[in-house]
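One structure is given here, and the rest of the page talks about it.
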Amino acid sequence: MNKPEKTINQHSISENSWQSEVMIWGITILLAAILGIVLDGQSQLIEYLTLPAFLVLKILVALAIPMFFLVIIYNLITIKIPGKTWRNLLFPLFSNTTLAILIGFVVAHLFHPGSWGNLITLNIVKPVQPTLDPSNIENFWDAILGIIQNLVPTSLVEPLVNNNVIQIIVVAFSLGIVLRAIKSEQIIQKKTDYQPLENVIEVLLEAVKVILRWVIKLLPLAVFGILLKNIVTQGFAPLLSLVMFVLTILVALFIQACYYLFIIKLGSSVKPVEFLRQGSEVFREAFISASSSSTLPMAHKVFRDKIPLTPEASGLGVFVGAKLNKDGTIILMVTSVLYISQMLGQNLSLGQLFFLILASIFASIGSAGIPNAGLVTLTLVFTAVNLPIDYIAVILSVEWFIDKFYTLINVMGYMTVSVLLHGKKPLS
């Protein structure tokens, strides 16, 4: 009797939290609009009101590499894939990710949101010229050669000093793979020497998440300052660009969702309508909480009780696919980079496009499944393609809204992987 009551209470808390969040953001935007009309463009008050945005962006940049490192290493150490069943994951993961990238590119070029207006930056982060500048690479083979030549750093700290995102990715994955191999060998030998290190990594990752949650508390103040400064400086017209950016992402995410339903119809015994109906509770939680991690137990329960898949399909899809299949986050990153490049009037070189694809894939994998984590790894993607990190402040003003939608697609994506792994077999 206690479990249903507990579930109802949790839903009630989530619902109240969501309503409070909507109210806070509504008041934030309304106040920014009112003060934007009243205040003079030269008012010193505006500079003080943009301080939260200054702090938030600086902290996001500071958290990017630690979060990426810890998430990658922790995922590689803890992911459990029995035998050679990892091969079954390759096609759904590869196809979902590939289509997410293509959808992001196509929709961003069709809507061209960056051409609808200019937005100011806060001049917060001093740009660092990366060792390998992809904006100077116009040939595909030069891009491949440049990446290969820069894969291995001369020291572990070199990628951090030189702002080399490719090397950061290589170091993180290398450490994760090595530690996983050590753990596997010790498990065979019935040793537990690896456990303290795994616990330390888990605690450090949780610490980063806690810091990020604290920073998120400042988001309404940060967005208030960004919107106010834009309205006072340029009026309401430039905000149309942000509206078009949001619309572009929502359309891209909707197309990705339609693709999921299409491949479910073709590749499984689960009907798309049943997938949506039985998974509605999980999707609702993903939207309200903007956290894919919080949906994992619910998704597993759905695949046990309502859409009874094989344990292998349910386990791999939910607990592995959720860590590797974040198509909504990829769409956010691809669309954001193209949006800012359009706004700046820059055509991305072939090298930048190549780096954008690589960085988006790996940064999405290194993104923690908590609200607004995509903002943190977005700083890595901007650095990889050599775009000004300051413009993430612009995206910050609407990311709180689209976060719910791309988290929903992330969750829908890993649940789709589970259904595809079950295939055409009858439901158990």
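Given the options MET298, MET333, name the one that is open to solvent by less than 10 Å² (accessible area, probe 1.4 Å), closer than 24 Å to PHE254 by Cα and not small (Gly, Ala, Ser). Let's see the steps before the verdict.
On the way: MET298 fails: open to solvent by less than 10 Å² (accessible area, probe 1.4 Å).
Testing whether each residue is open to solvent by less than 10 Å² (accessible area, probe 1.4 Å), closer than 24 Å to PHE254 by Cα and not small (Gly, Ala, Ser) leaves just MET333.
Hey, PRO153 hits all of (1) modelled with pLDDT of 85 or more; (2) surrounded by 14 or more Cβ atoms within 10 Å (Cβ to Cβ); (3) farther than 20 Å from LEU205 by Cα but one; which does it fall short on?
Condition not satisfied by PRO153: (1).
Just name the residue that is modelled with the highest pLDDT out of those in segment 319-357 that are part of a loop (DSSP other than H, G, I, E, B) and not hydrophobic (A, V, I, L, M, F, W, C).
Restricting to residues being part of a loop (DSSP other than H, G, I, E, B) and not hydrophobic (A, V, I, L, M, F, W, C), the top hit is LYS326.
List pairs: first in segment 91-114 and on the phi > 0 side of the Ramachandran plot, second crowded, with 21+ Cβ neighbours inside 10 Å and polar (S, T, N, Q), Cβ under 7 Å, 6+ apart or cross-chain?
As it stands, the answer is HIS112/GLN342, since those pairs meet every condition given.
Kindly provide the set of residues from segment 383-394 that are outside any loop (DSSP other than H, G, I, E, B), within 17 Å of GLY114 (Cβ to Cβ) and not hydrophobic (A, V, I, L, M, F, W, C), ordered by number.
ASP390, TYR391 - these are the residues of segment 383-394 that are outside any loop (DSSP other than H, G, I, E, B), within 17 Å of GLY114 (Cβ to Cβ) and not hydrophobic (A, V, I, L, M, F, W, C).
For residues in segment 400-428 being buried (at least 22 other Cβ atoms within 10 Å of the Cβ) and either small (Gly, Ala, Ser) or closer than 25 Å to PHE354 by Cβ (or both), which is modelled with the highest pLDDT?
Looking at residues that are buried (at least 22 other Cβ atoms within 10 Å of the Cβ) and either small (Gly, Ala, Ser) or closer than 25 Å to PHE354 by Cβ (or both), I get ILE409.
I'd like the full set of residues that are in contact (Cβ under 8 Å) with a residue 12 or more places away in the chain, over 18 Å from PHE94 (Cα atoms) and among the β-branched types (Val, Ile, Thr), limited to segment 244-301.
Within segment 244-301, VAL246, THR248, ILE249, VAL251, VAL270, VAL282, ILE288, THR295 meet the criteria.
Go through segment 336-346 residue by residue and tally those that are open to solvent by less than 10 Å² (accessible area, probe 1.4 Å) and out of contact with any Gly (no Cβ under 6 Å at 6 or more places or on another chain).
First pass over segment 336-346, keeping only residues open to solvent by less than 10 Å² (accessible area, probe 1.4 Å): 336-341.
Subsequent filtering for residues that are out of contact with any Gly (no Cβ under 6 Å at 6 or more places or on another chain) retains 336-338, 340-341.
Result for segment 336-346: 5.
Just one of the numbered conditions (1) polar (S, T, N, Q); (2) modelled with pLDDT under 90; (3) in contact with a Phe, Trp or Tyr (Cβ under 9 Å, 6 or more places away or on another chain); (4) within 25 Å of SER95 (Cβ to Cβ) is not true of SER241; which one?
Every condition holds for SER241 apart from (4).
Could you check segment 395-425 and list, in sequence order, the residues that are on the phi < 0 side of the Ramachandran plot and not in a helix (DSSP H, G or I)? Show your work before the answer.
As a first pass, look at segment 395-425 and keep what is on the phi < 0 side of the Ramachandran plot: 395-422, 424-425.
Within segment 395-425, LYS424, LYS425 qualify.
Residue-by-condition table, conditions (1) open to solvent by 80 Å² or more (accessible area, probe 1.4 Å); (2) of a type in the set (S, T, N, Q); (3) in contact with a helix residue (DSSP H, G or I) (Cβ under 9 Å, 6 or more places away or on another chain):
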site: GLN189; (1), (2), (3): yes, yes, no
site: THR192; (1), (2), (3): yes, yes, yes
site: ASN199; (1), (2), (3): no, yes, no
site: VAL203; (1), (2), (3): yes, no, no
site: ARG213; (1), (2), (3): yes, no, no
site: ILE216; (1), (2), (3): no, no, yes
site: ILE231; (1), (2), (3): no, no, yes
site: GLY235; (1), (2), (3): no, no, yes
site: PHE245; (1), (2), (3): no, no, yes
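Looking at segment 269-279, which of the residues that are over 11 Å from MET415 (Cβ atoms) and open to solvent by less than 60 Å² (accessible area, probe 1.4 Å) is modelled with the lowest pLDDT?
So the residue we want is SER269.
The values are calculated or read from the model by the stated rules, or taken from the named source; none is laboratory data. Keep in mind the model is a prediction, meaning the values are calculated, not measured. With ideal geometry, Cβ positions are generated from the backbone for all residues, glycine too; neighbour counts draw on all protein chains shown. Remember, those area values only see protein heavy atoms, side chains included, never the ligands or the DNA or RNA. Shrake-Rupley method; radii C 1.70, N 1.55, O 1.52, S 1.80 Å.
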